[in-house]
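What follows is a set of notes on a single structure, which appears directly below.
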Amino acid sequence: MTDHDLLIDKLSRGASPVKRTRPTGWRVLAWIAMALPCGAAASLIVHRTLNDWSQPGMQWAALQLLLTFLTGTLAIRNAFQMSIAGRRPLGWRWFMPLVGVWLVSILINLRNAPETAGHMEGTNCYLFMMVVSIPMMAIVIGYLRQTRALFPVRSLAVAGAGVACMALSLLSLCHPIHLHWLDFIQHLGAIATIVLLTILFGRRWVVLR
């Protein structure tokens, strides 16, 4: 077609209004309000009992819960920011202190754990995290689909890390305060699996077309 004005007029008539994306902060809050209740409901499938927060040493569990929730929230925010061209996500300097303090608290917890603590918790912990992450994963992929992404794998990987942190936060509510090495390894395995599954399941839906 050589008539550019005719082409522009034709495309203009066929164009539909673009819905403005809500601010990232509101999207993060809306995701949390939807994802966490869905994850908590899914956890009913897995047999768990809530922690007794009056036990000695529960301050470590509370600290780990706070750190994983905060890290997960920032990771979800980064995923939403990265999916929109021109937005600047938070740098690694925001995450390294949180992850560092979390790892230190885990190591202290492992050092103080009795020899018999948590030997049978590993497999159930992995299953718990996978079950609660499925609805949260689906919701975050739906949110990323609204804006697509220039770099879908990167956005999905960060979103998967956020979902994994939220799954770990839910696990902290019902995990024994004493952690065994096997538990910790299974937690890390679940985190890696959640990130990988988020990328695999979401890649076809959030690609910028």
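Between Arg148 and Arg22, the modelled label-to-label distance comes to 2.3 nm, taking each label 7 Å out from Cα in the direction of the beta carbon. Kirkwood radius and radius of gyration were both taken over the C-alpha atoms of region 25-92, and their ratio Rg/Rh is 1.09. Close amide-amide hydrogen proximity is noted between Ala149 and Leu208, each under 5 Å apart and 5 or more residues distant or on a separate chain (H modeled in the peptide plane; Pro and chain starts excluded). When the solvent-accessible area of region 127-194 is split by element, carbon and sulfur atoms take up 75 percent of it, the probe being 1.4 Å. In this label model, Ile185 and Arg203 are separated by 2.9 nm, measuring between points 7 Å along each Cα→Cβ vector. Report note on the peptides 86-98, 173-185: ranked by the mean count of other C-beta atoms within 10 Å, highest first, their order is 173-185, 86-98. Taking all protein chains into account, the per residue accessible area for region 121-199 stands at 36 Å² (1.4 Å probe).
The values are calculated or read from the model by the stated rules, or taken from the named source; none is laboratory data. Please read all numbers here as calculations on a predicted model, not as lab measurements. Glycine gets a Cβ as well: all are built from the backbone with ideal geometry, and neighbour counts include every protein chain shown. For the accessible areas, the whole protein counts, side chains as well, though only heavy atoms, and no ligand, DNA or RNA atoms are used. Shrake-Rupley method; radii C 1.70, N 1.55, O 1.52, S 1.80 Å.
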